Amino acid sequence: MSHLSHLEILVVDDDDAIRNSLAMVLQSSGYDVSIAMHGFDALLQLKRRIPAIVISDLNMPQMSGFEFLSIVRRRFPQISVIAMSGAYLSGDAVPGGVIADAFYSKGQSSPETLLHIVADLVRTSAARAVDHARESAPVWIPRNGKDSHGIPYVVLTCTDCLRSFPLSVITEDLQKIQETPCLFCPNTVRYIIDFSLAIASPRTEVKAVTTVPGPNED
Ligand SMILES: [Zn+2]
């Protein structure tokens, strides 16, 4: 197992228990493991160190795993990625456009399964890195909400400068790859919007700012 001792894996999950238990399983198998709590945290870490493999939850606050994995594929095509979720039983059920080399079902699969997946990816990483570099992965974004005029909007993260900006959605061309210029740099951001999945855009109970009724009202 000594050949694995320097192989780095980044585990991204907002769930402490899952993140830590996966990290322990991987560490005990000889991998170098780092952890991140969400996509932005992970992207910051990737600026400093580039692991061989990223394992990311799909349902996270701040930045969805879908979007995070798309950015990883575009900026770090040499990294193999494993998408994981408790919401899908198999990789076949995961919506199209998810940029991952493998899928791990939390709760359904055993840690041994994950170790097999990792070993598989390590074995085939060279070939896949070449494929990754040829792809132009779009950013995959969930619906974010509606603005004060009732127009749906999304928040895009530029794959080059990593700045985020809101974008009104006026087309119904869902699940199709679209393009928009970045507000901050010359990059063109390619993206897919998914309106169908609550899973990618968990209801965070964003309270609208409303006037609180005075004591004499109601
Ligand atoms: Zn940009």
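The values are calculated or read from the model by the stated rules, or taken from the named source; none is laboratory data. Since this is a predicted model, take the numbers as computed values, not measurements. Virtual Cβ from ideal backbone geometry, glycine too; neighbours counted across all protein chains shown. Accessible surface areas use protein heavy atoms only, side chains included; no ligands, DNA or RNA. Shrake-Rupley method; radii C 1.70, N 1.55, O 1.52, S 1.80 Å.
If you take the residues in region 45-75 that are polar (S, T, N, Q) and either within 14 Å of Asp101 (Cβ to Cβ) or modelled with pLDDT of 85 or more (or both), which one is most open to solvent (accessible area, probe 1.4 Å)? Step by step, filter region 45-75, then rank; the result is Gln45. Of the residues making up region 132-155, not a single one is at pLDDT below 85, over 21 Å from Tyr191 (Cα atoms) and outside any loop (DSSP other than H, G, I, E, B). Tallying residues that are open to solvent by 90 Å² or more (accessible area, probe 1.4 Å), modelled with pLDDT under 80 and touching a strand residue (DSSP E or B) at 6+ places or on another chain (Cβ under 8 Å) within region 166-208 yields 3. Just to be sure, is Gln78 in a helix (DSSP H, G or I), without any contact (Cβ under 8 Å) to a residue 60 or more places away in the chain and either open to solvent by 50 Å² or more (accessible area, probe 1.4 Å) or hydroxyl-bearing (Ser, Thr, Tyr) (or both)? It is false that Gln78 is in a helix (DSSP H, G or I), without any contact (Cβ under 8 Å) to a residue 60 or more places away in the chain and either open to solvent by 50 Å² or more (accessible area, probe 1.4 Å) or hydroxyl-bearing (Ser, Thr, Tyr) (or both).
Of the residues examined, Val25 is one that is touching a helix residue (DSSP H, G or I) at 6+ places or on another chain (Cβ under 6 Å) and either in contact (Cβ under 8 Å) with a residue 12 or more places away in the chain or outside any loop (DSSP other than H, G, I, E, B) (or both).
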